[in-house]
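Peer 1: The structure follows.
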Amino acid sequence: MKTLSFGVRLILVGLLTVAATAAESNYGEALDKTFMFFEAQRSGKLPSDGRVKWRGNSGLEDGSLQNVDLVGGYYDAGDHVKFGLPMAFSVTMLAWGTIEYRKEIANLNQMGHTLWAIRWGTDYFIKAHTQPNVLWAQVGDGNSDHYCWERAEDMTTPRTAFKLDQGHPGSDLAGETAAALAASSMAFKPYNSSYSDLLLVHAKQLFSFADRFRGLYDDSIPSAKSFYKSSGYSDELLWAAAWLFRATGEEQYLKYVVDNGAYMGGTGLAVKEFSWDNKYAGVQILLSKVLTEKKGGAYASTLKQYQAKADYFACACLQKNDGYNVQLTPGGLMYVHEWNNMQYASAAAFLLAVYSDYLSAANAKLACPDGQVQPHEILGFAKSQADYILGHNPKSMSYMVGYGPKYPTHVHHRGASIASITVLPSTVSCIQGFDAWYRRPEADPNVIHGALVGGPDQNDNFNDERSYYEQTEPTFSASAPLVGLFSKLESLYGNIRPNSKGPTTNNQPTQTYHRLQTPVPSSTPSGEPVKFVHSITSKWNVGKTEYYRHKVTMKNMSQKPVTDVKLVVEELTGPIWGLSATGVRNTYELPQWLRVLEPGSECSFVYVQGGPQAKVSLLSYQYH
């Protein structure tokens, strides 16, 4: 065999089109723990069969001062305000994941947890929508809430409720709530048609309210500006209409997004983030499905403009957008904002997984300025973000609490950081919480399983301290997209470790996942059909050490499919992404989902290191 040597010094993943160590991430376990976090964030009267035993009832008088029942819903993060905008976005993401990956979720026996997670939010939205043009948008005041460090069960801060109406509009929040209810109606349709119909009635009314009485919700509720300030409402109006079209099939909603595409920015704005505040990429990808399914009809030309912006977002994530790319940390994590960056990475990863499915179903490719991208490459990048979250990163730290051997233990979360009311029945007062628990150097007394914390900074550094809330506070909106993403990845890769066991939390029954592994032929024919092309795409310094990000592309130059490709990578001192370890020292193979390299096709892997070059050689392969 011919040995190929080349210099590779690099930062951690960027343009990784194939994800690494597929067998090591247990997506099924991570999925189950994510549902645990949703349970920990519940407000209201908790069911007796809840799995988070350190939580108790809370907020049972919410809305009483205004003579309206606002009990229920979710706390947004480590505090106890019920902010409507991120809550509604989170429910939309839960419902979208359920719609796209219904079969996968059902096969994992997680549909019950999924629908309950959605319904805990939608039941609250129905309560909050007391009249066609009235929506109770928030319970609790962020400023007073942040003066106290206390358990939800001990709350002493004001539970003031704030509403939107014709004189106090909030098109962004009402539009997002309409989207959440429309998407949820689709999620519930096969299981509870009457509830599905009810959700759709509220969704239509809320969209009409949002569209007719326009304004920013935080102009009507100024106390929200310091916490969830809205950048605009045009994206939410398009988002709601797109979801109503998908839920109802009624042409009026498709006509709305087409007629308002230019005016509201849907066909003109190219974005590099997707979040509770910015829905443009979601709208653009959601409408691309209409086009790829050839259902656009007379609206096809405008839908193509939407898809062009969807392509911009995907290309920017995959670092193939002619330099106008999403920033990546040296470890390969999408880095969008300093504060709770993980929410942007998780949302984008889910969106890319969905888009890869849309393109794959249409037998289409992603056309980027830097070259065409196969749908499986888009999914590979999405997977890289999931793997980073679950511990495949420079710190070997799982940023999902309770998952893996190493995870944050000083989470910026009141309930997790204070002894449970079942252990310490006496009230923990507002200031006492700061003195006795917030500043406590020990680990949290309660493990908040499944919480996705804010995550590391742009250099992959992480401070596991409660006071460093930018990095250690979890949010509902960060975790919600993971349901669809983990379900998709678990269905593809499974948990192929022999007799491996899935989630075991709070004395719940153990769930075991099984997946057969394809036998590996031992023969190796002569000749080498694989061509390697490498490039250094970025460099930087940490102290006096210079690092490079290096991309290696393997292309099948033969006329036959090639399988069982094995590589030897020697003198590697940094992490490698895009190949799976074989268990044999320095030997790697293609990921489970890309065992066959078709004629003319290619895949890529990346690695990062400083100092001497790594040496790569082709060890063996097999004609398929």
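The values are calculated or read from the model by the stated rules, or taken from the named source; none is laboratory data. In this text the structure is predicted, and so the values were computed from the model without any measurement. Methodologically, a virtual Cβ is constructed for each residue, glycine included, from the backbone with ideal geometry; neighbour enumeration extends over all protein chains shown. We work out accessible area using only protein heavy atoms, side chains counted, and drop any ligands, DNA or RNA first. Shrake-Rupley method; radii C 1.70, N 1.55, O 1.52, S 1.80 Å.
Okay, residues lined up against (1) without any contact (Cβ under 8 Å) to a residue 60 or more places away in the chain; (2) open to solvent by 30 Å² or more (accessible area, probe 1.4 Å); (3) farther than 18 Å from ALA88 by Cα:
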| position | (1), (2), (3) |
| --- | --- |
| LEU135 | no, no, no |
| ALA152 | no, no, yes |
| GLN166 | yes, yes, yes |
| SER171 | no, no, no |
| ALA179 | no, no, no |
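Peer 1: Does segment 206-224 include one or more residues that are among the small types (Gly, Ala, Ser), in a helix (DSSP H, G or I) and open to solvent by less than 10 Å² (accessible area, probe 1.4 Å)?
Peer 2: yes
Peer 1: I'd like the residue in segment 95-110 that is in a helix (DSSP H, G or I) and among the polar types (S, T, N, Q) and, out of all such residues, is least open to solvent (accessible area, probe 1.4 Å).
Peer 2: My answer is THR98.
Peer 1: Residues of segment 111-170 being aromatic (Phe, Trp, Tyr) and either outside any loop (DSSP other than H, G, I, E, B) or under 17 Å from GLY63 (Cα atoms) (or both), which ones?
Peer 2: Answer for segment 111-170, where residues must be aromatic (Phe, Trp, Tyr) and either outside any loop (DSSP other than H, G, I, E, B) or under 17 Å from GLY63 (Cα atoms) (or both): TRP116, TRP120, TYR124, PHE125, TRP136, PHE162.
Peer 1: Residues that are modelled with pLDDT of 85 or more and under 24 Å from LEU492 (Cα atoms): does segment 577-588 have at least one?
Peer 2: Within segment 577-588 (the criterion being modelled with pLDDT of 85 or more and under 24 Å from LEU492 (Cα atoms)), the answer is yes, since at least one residue qualifies.
Peer 1: Determine whether segment 593-605 contains at least one residue that is among the charged types (D, E, K, R), free of Cβ contacts under 8 Å to residues at least 60 places away in the same chain and at positive phi.
Peer 2: no
Peer 1: Can you list residue pairs whose Cβ atoms sit under 8 Å apart, with the first residue in segment 402-413 being within 12 Å of GLU442 (Cα to Cα) and the second being among the charged types (D, E, K, R) and surrounded by 20 or more Cβ atoms within 10 Å (Cβ to Cβ)? Count only pairs 6 or more apart in sequence or on different chains.
Peer 2: THR409/ASP444; HIS410/ASP444; HIS410/ARG466; VAL411/ASP444; VAL411/ARG466; VAL411/GLU473
Peer 1: Need at least 2 residues that are open to solvent by 10 Å² or more (accessible area, probe 1.4 Å) and modelled with pLDDT of 95 or more per element, so show me which helices (runs of 4 or more DSSP H) inside segment 359-466 make the cut, counting only ones lying wholly within it.
Peer 2: The qualifying helices (runs of 4 or more DSSP H) are 375-389.
Peer 1: Filter segment 303-336 down to residues that are polar (S, T, N, Q) and buried (at least 22 other Cβ atoms within 10 Å of the Cβ) and give me whichever is farthest from PHE605 (Cα to Cα).
Peer 2: Restricting to residues being polar (S, T, N, Q) and buried (at least 22 other Cβ atoms within 10 Å of the Cβ), the top hit is GLN307.
Peer 1: Filter segment 572-624 for residues that are among the acidic types (Asp, Glu) and open to solvent by 40 Å² or more (accessible area, probe 1.4 Å); which is farthest from TYR547 (Cα to Cα)?
Peer 2: Across segment 572-624, the extreme among qualifying residues is GLU598.
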